[in-house]
Each structure stands twice: as structure tokens, then as C-alpha cells.
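For reference, the structure discussed in these notes is given below.
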Amino acid sequence: MKKIYTLLAMLLTMMAGTTFSSCDWDDDDAIAYTLEGTWKGNMYVNTYYDGNTYYATATEITFLRDPYRYSSGDGYWVDYYSRAPWDYVANHIRWTVNYGRIHVYFVEEGTEMEIYNYRLNDDRFTGYIAEYDNDVEFSLYHVSSPNWSSYRWGYDAWYDDYYWSRETRGLAAEKPVRRIGK
């Protein structure tokens, strides 16, 4: 009987040790926790439209964590332009942190980008963003969250509900293409 109690005690001790070690945060979860919020700065985004290239003057990104899957979530990505036929391009995003790399999927455009080799703290977010084989350095700072319900998602057309159209600004009905690079 004493052997059974000894074995049972050893088994409980081993189970307690593995239970406590599984409570540690995964690195991806910790990155996602720090990433959550709104960031603003320059991502060096440009948009090709109707034979011209337009450069974004600022980018604002909000990362909202999924409450059930801590290393992923959704959010918003807005590129602001000053000399383009539109004021901004807004997209819903889905993002995931996987082995330290941040993968961003643009819902309206159906495109993806990857953020890697970055430094992230409560105030600054710097690193590199890759789209296909184009890598660009970026720098963002942490800001408070704006009222996202004021945006109409897609390309800001004056009278159109979703995409840029010929009727709204008198240009060709070609969809702008987002790219990164200086």
C-alpha cells in the first residue's frame, strides 16, 4: 500500500510540474499582446493607378487581438495620400504572429504582406515589410485608437459605396494596386 501512495505522489508531482510550465506565454502571444493597438507612421506604401504611381504620406494600422486565439486577430490598415485622386485607401486586415513573423492579409484587396526582423515595444514599431520579393524598412509609433466607423471600406469615392469608379471622379474605372517601396 505504501508503494501505491509513493507512486501516486510521484505521479502528481510530475503532473504539477508540467502544468505550471505550460502556463508560460508563448513568444507569439507576447508579440501579439504588445502589437495590439493603433500604430501610425511611414510604411513606404505606393499605389499604381491609371499609369501613375502615388505615394502614401502616412499609414495607420490597428491590430485587434482575437480573444480566443491570442497570436492573431483582425484590424484596419489605412494609407493616407496627399496628391492622389483619393484621400485614403482603407482595408480590413487579418493578421497572425507565427514564429515571430507577422503575416498581414488585406481583406478588400486579397493580398498579403509579411513583417519581419522588427523591434517592438510599447511606443515604437520598426522593422521590415515584405511583399513578394520587395523588402522595405518601416517606422511606426503607438497612438490612441480613432473612431474607425467613420471610414467607408475600399477606396474613398465621393458617391460610390465601395470601389473607386469613373462616375465619382471622372477617371478610368481601374482598381488601384498597392505596392511597397521608396
Cα→Cβ-extended label distance, 7 Å offset, between Tyr33 and Asn117, nm: 2.8
Give the accessible surface of the range 29-102 per residue, rounded to a whole number of Å², with probe radius 1.4 Å and ligands, DNA and RNA excluded. 45
If you count only protein heavy atoms and use a 1.4 Å probe, how large is the accessible surface of Arg94, to the nearest 10 Å²? 130
Label-to-label distance, nm, for residues given as Thr53 and Val143 (7 Å Cα→Cβ offset): 2.5
Expressed in nanometres to one decimal, the distance between label points 7 Å along Cα→Cβ at Arg94 and Tyr68 is 1.4
Determine the order of Tyr44, Tyr76, Tyr55 by accessible area, beginning with the largest, at a probe radius of 1.4 Å. Tyr55, Tyr44, Tyr76
At a 1.4 Å probe, what is the % contribution of carbon and sulfur to the accessible area of the range 57-130? 43
What does the accessible area of Trp86 come to, in Å² to the nearest 10, when a probe of 1.4 Å is used? 0
Please label the shape of the range 38-144 as rounded, prolate or oblate, based on the square roots a ≥ b ≥ c of the eigenvalues of the alpha-carbon gyration tensor (a/c under 1.5 means rounded; beyond that, a/b larger than b/c means prolate, else oblate). prolate
Arrange the residues Leu64, Leu140 by how much accessible surface each exposes, largest first, with a 1.4 angstrom probe. Leu64, Leu140
Taking 0.36 nm per intervening residue step and subtracting the Cα-Cα distance, what contour gain separates Asp133 from Asn42 on full extension? 30.8 nm
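The values are calculated or read from the model by the stated rules, or taken from the named source; none is laboratory data. It should be emphasised that the depicted structure is a prediction, and the values quoted were computed from it without experimental measurement. Every residue, glycine among them, receives a Cβ derived from its backbone with ideal geometry; neighbour counts consider all protein chains shown. Only protein heavy atoms, including side chains, enter the accessible area calculation; ligands, DNA and RNA are left aside. Shrake-Rupley method; radii C 1.70, N 1.55, O 1.52, S 1.80 Å.
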